[in-house]
Structures are given as C-alpha cells and as structure tokens.
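A.B. asks: Here it is: the structure, laid out below.
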Amino acid sequence: MLDKSFWKGRKVFLTGHTGFKGSWMCLWLSMLGAEVTGYALNPPTMPSMFELCKIDSLVNSVIGDIRDRELLNTVIQKAEPEIIIHMAAQPLVSESYKNTVETYDINLMGTVNLFEAVKNCKSVKAVINVTTDKCYENKEWVWAYRENEPMGGYDPYSCSKACSELITSSYRLSFFNPENFEKHGVGIASARAGNVIGGGDWADNRLIPDCIRALLEGRKIIIRNPQSIRPWQHVLEPVRGYLLLAQKLFLDGPKYSEAWNFGPENSSAITVEAVVKGICKLWDEKAGYEIESESFGHESKYLKLDCSKAKTYLGWYPKMDINEALLNIVEWSKAYKEGKNLLEVCCRQINRYTKYCN
C-alpha cells in the first residue's frame with residue numbers, strides 16, 4: 001500500500017515528466033503531497049496531457065534534454081532530490097527505425113548522464129530506471145519472462161532499452177553496490193512494464209492514440225498486426241508499482257536494488273483486434289475498424305511478464321483488468337471531446353483506482 005505520510009514533502013526528481021506516463025506520475029505524486037521537480041523536453045505531442053491538465057502548475061517543471069549532461073547535473077544538484085524516477089526516453093519502436101542514432105543516444109547516454117549526476121548528488125537515496133518489457137530477448141514463447149531472463153532486442157528501441165538495463169546493472173555494481181551500501185547509501189532499481197495504455201496518450205503509431213484520434217474524427221480505426229498479443233495494462237498499474245518500489249528502495253536499498261517486472265494478469269494479454277473491438281463497443285454504435293495489410297517493421301507477436309517477485313516482495317498486484325482499463329480510456333477521451341476539466345477526470349480515476357488497491 002502507498003504510504004501518504006512517506007510521500008508528503010518528499011523531494012522527487014522525475015525525468016520525462018512531460019510525457020504521457022510522466023504526466024500521470026506527476027499528478028499522483030502531487031496528490032500524495034510530494035515536492036516534484038520534473039526534467040524533460042517540451043511535451044512530445046499536440047495535444048498533450050501535460051498541457052491539458054496544466055501539470056506545470058503542480059510541479060517545478062524544467063525544460064531540458066537528458067543528453068545535456070551539464071544541465072542535468074546542475075538541475076539535480078539544485079533540486080536536492082531524495083528519490084529519482086527516470087522516465088525520459090525515445091519510447092516508440094517505429095520512431096527507432098526512423099531515428100536510430102537519436103534513439104540510442106537518448107536511451108543509452110541519457111541513462112549514463114542520469115547516473116553520473118547521481119554520483120555527484122549526496123541527497124539521493126533511491127533511483128528507479130523505468131524501461132520496458134521489450135528489453136527481454138523475445139523468443140515468442142508462451143512462458144512469461146522473469147527478471148533474470150537474458151536481455152535482447154530485435155528493433156533499435158528494444159535493443160536500446162536492453163542496453164539501458166545493462167547500464168543500470170553496471171552502475172549498480174560498480175558505484176552503488178548493495179554490499180557497500182553503508183558507504184554510498186543509494187538504492188538502484190529498474191522497472192519493466194508491458195504495453196501501458198490510458199487516457200491522455202497522443203503518441204503517433206500507438207494503438208490506443210490511433211483509435212481515439214479516429215473516433216474523435218468520425219472515421220474508421222485502421223489497425224496493423226491484429227493478432228499480435230500484448231500485455232495491456234492501464235498506466236496507473238505500473239505507476240503504482242514504481243511508487244511502491246521507490247518506498248521500499250528508499251527504506252531498504254540493499255534489499256530492493258534489483259530489476260522488477262510490473263505486468264497485467266494473463267486475462268489482459270489479448271490481441272490488438274480484441275482491444276479495438278472493446279473500444280468501439282464502448283464508444284458508440286457508429287464506431288468501426290478495418291485491418292491494414294501492410295505493416296511497418298518487425299513487431300513481436302507475443303510477450304508477457306512474470307510478476308511473481310513484485311507480488312511477493314512488494315505486495316503489488318494488478319487491480320485493473322483490460323475491460324476496466326478501456327472504460328477509463330473512453331471516459332477520459334469523451335471528457336476531452338466534451339471540453340470537461342481533465343485534471344478532475346484524472347484525479348477521479350486515481351482516487352477510484354486507489355480504492356481498488358486498499
């Protein structure tokens with residue numbers, strides 16, 4: 001369970017705070033009473049949840065590039081954070097084919113720059129590097145991947161995140177080794193989540209944003225790879241996992257300085273086409289879709305996570321199934337269409353979800 005008394009007044013540094021998942025993290029941390037400093041580029045999409053919910057009014061927002069080592073170090077030194085959550089990344093498979101060098105630069109050297117800054121900041125007690133389930137060497141088998149499975153990556157994005165995991169492991173062993181915790185006092189963990197979905201995601205070439213854009217424009221949804229199975233999970237699920245991990249890591253760094261999976265139950269690992277059908281049914285009777293024969297690049301057909309470790313040692317369990325996740329997405333998107341207060345919608349969804357977890 002999240003401890004509100006732990007987070008009240010806690011200094012948190014969040015990279016990637018202007019993105020979709022980062023915006024939800026900012027909101028939740030703000031509701032918990034944390035003092036958040038965000039560091040990221042300008043919002044990556046238009047519209048963006050960051051701007052629609054006026055998140056810059058809730059946190060100390062610094063616009064900066066994770067590749068700018070000097071600026072990043074300066075901002076972290078000034079913020080004096082106790083906890084750092086690293087979300088800044090180039091997060092799209094399709095974009096990694098188009099801008100491969102930039103993807104590696106951001107996802108590898110951005111991670112290096114972050115840890116170099118941590119080495120220089122005495123206030124930091126816990127760091128979480130948020131990566132992805134795609135960091136695993138995907139063998140397209142039916143078994144779920146555990147944290148000790150080999151890293152890999154077919155496409156540049158997946159490979160870059162596998163490398164980010166290896167960088168995290170190297171810095172943990174070389175500079176923040178749990179066996180020498182009394183000397184450095186910093187816990188280092190990584191967090192791997194599946195296909196994260198939710199209201200407020202406007203990224204290009206991602207299923208849910210593509211669906212919502214089509215529905216808002218009154219046209220059919222176009223889908224590729226309809227039979228690909230993904231471990232769909234609402235954004236609040238992994239964000240809660242990161243927050244729980246941060247609590248544990250802060251209080252007992254040596255015990256929790258490892259990699260952690262946060263994925264949905266098997267029932268939420270369904271096909272792309274099943275997700276689209278669910279959204280159309282919830283939207284209105286006019287909603288429809290068609291399948292595009294041409295796909296872009298390689299995409300894995302099957303990948304899911306074994307979250308036994310998070311369940312056993314963090315007390316984290318998935319609480320929202322795919323049906324509830326789609327309901328929340330449609331609620332958020334219709335509120336956007338009707339010009340409602342989206343900050344209120346987000347807070348309502350967080351409060352409702354929190355009741356599930358208590």
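A.B. asks: Tell me, how many Å apart are the Cα centres for the stretch 174-230 and for the stretch 48-123?
C.D. replies: Distance between centres, Cα-based: 16 Å.
A.B. asks: Something else: How large is the convex hull of the Cα atoms of the stretch 121-165 per residue, expressed in Å³ as a whole number?
C.D. replies: Values: hull volume 4.0 nm³, N = 45.
That works out to 89 Å³ per residue.
A.B. asks: With a 10 Å Cβ neighbour count serving as the proxy for reagent exposure, in which order, fewest first, do 210, 252 appear? Let's see the in-between values first.
C.D. replies: Numbers: 210 17, 252 13.
If I rank by nearby Cβ atoms, fewest first, I get 252, 210.
A.B. asks: Same structure again: Which entries of 78/337; 161/183; 139/355 show an alpha-carbon separation above 32 angstrom in the structure shown?
C.D. replies: Details: 78/337 40 Å; 161/183 29 Å; 139/355 37 Å.
Flagged as over cut-off: 78/337; 139/355.
A.B. asks: Next question. Please report the relative contact order for the stretch 22-153, taking Cα pairs under 8 Å with a sequence separation of at least 6, and give it as a percent rounded to a whole number. Intermediate results must be reported in sequence, preceding the final value.
C.D. replies: Values: 138 pairs, mean separation 28.7, N = 132.
The normalised contact order for the stretch 22-153 reaches 22 percent.
A.B. asks: With a Förster radius of 22 Å, plug the Cβ-Cβ distance of residue 68 and residue 204 into 1/(1 + (r/R0)^6) and report the FRET value to the nearest 0.05. Write down the numbers at each step before the final one.
C.D. replies: On the way: r = 25 Å, r/R0 = 1.12.
It comes out at approximately 0.35.
A.B. asks: Helix 110-119 against the longest principal axis of the chain: what's the angle in degrees, Cα atoms only, rounded to the nearest 10?
C.D. replies: Relative to the chain, helix 110-119 is tipped by roughly 30 degrees.
A.B. asks: Helix-only estimate, please: 222 nm mean residue ellipticity of the chain, summing -39500 (n - 2.57) across DSSP H runs of length 4 or more and dividing by its residues, to the nearest 500.
C.D. replies: Numbers: 15 runs with 150 residues, N = 358.
That comes out to -12500 deg cm²/dmol.
A.B. asks: Using +1 on the beta carbon of Lys and Arg, -1 on that of Asp and Glu, and nothing else charged, what's the dipole of the stretch 96-241 about the Cα centre, debye to 20? Don't skip to the answer; put the middle values down first.
C.D. replies: Working: 18 positive and 17 negative charges, 52 e Å.
The dipole magnitude comes to about 240 debye.
A.B. asks: How tilted is helix 207-216 with respect to the longest principal axis of the chain? Cα atoms for both, answer in degrees (0 to 90, nearest 10).
C.D. replies: On a 0 to 90 degree scale, this one is about 50.
A.B. asks: Moving on to the next point. Based only on Cα atoms, what Rg/Rh ratio does the chain have, Rh being taken as Kirkwood's radius? Present the calculation step by step, with values, prior to reporting the outcome.
C.D. replies: Values: Rg = 19.2 Å, Rh = 20.4 Å.
Taking Rg over the Kirkwood Rh, I get 0.94.
A.B. asks: Just the number, please: percent antiparallel of the DSSP beta bridges in the stretch 4-357, rounded to the nearest 5. Before the final figure, lay out the partial values.
C.D. replies: On the way: 4 of 37 bridges.
That works out to approximately 10 percent antiparallel.
A.B. asks: By per-residue mean of other Cβ atoms within 10 Å, what is the highest-first order of 169-179, 188-198? Could the numbers behind the result be given before it?
C.D. replies: Working: 169-179: 15.7, 188-198: 24.5.
Highest-to-lowest ranking by the protection proxy: 188-198, 169-179.
A.B. asks: Length gain on complete extension for the stretch residue 177 to residue 358, per 0.36 nm per residue less the alpha carbon to alpha carbon distance? Mind dumping the intermediate values first?
C.D. replies: Working: separation 181, 0.36 × 181 = 65.16 nm, distance 3.41 nm.
That pair, residue 177 and residue 358, stretches by 61.8 nm at full extension.
A.B. asks: If you rank 31, 320 by fewest surrounding Cβ atoms within 10 Å, what's the result? All intermediate terms of the calculation are to be shown ahead of the outcome.
C.D. replies: Numbers: 31 16, 320 24.
Ordered by Cβ neighbours within 10 Å, fewest first: 31, 320.
A.B. asks: Taking Cα atoms, how many degrees apart are the long axis of helix 342-357 and the longest axis of the chain, rounded to 10 and kept between 0 and 90?
C.D. replies: Result, in degrees: 70.
A.B. asks: Report Rg(Cα)/(2.2 N^0.38 Å) for the stretch 215-358, keeping two decimals. Please report the intermediate quantities before stating the final value.
C.D. replies: Working: Rg = 17.7 Å, N = 144, 2.2 N^0.38 = 14.5 Å.
Compactness ratio reported: 1.22.
A.B. asks: Of 282, 167, 254, which is farthest towards the positive pole of the stretch 4-357's charge dipole, taken about the Cα centre with +1 and -1 on the beta-carbons of Lys, Arg and Asp, Glu respectively?
C.D. replies: 254
A.B. asks: What size of dipole, in debye to the nearest 20, comes out for the chain about its Cα centre when the only charges are +1 on Lys and Arg C-beta atoms and -1 on Asp and Glu C-beta atoms?
C.D. replies: Details: 43 positive and 43 negative charges, 179 e Å.
Roughly 860 debye, rounded to the nearest 20.
A short reminder: the numbers here are calculations on the coordinates, not readings from a lab. These figures come from a predicted structure and were not determined experimentally. Reconstructed Cβ throughout: ideal geometry from the backbone, glycine too, with neighbour counts over all protein chains shown.
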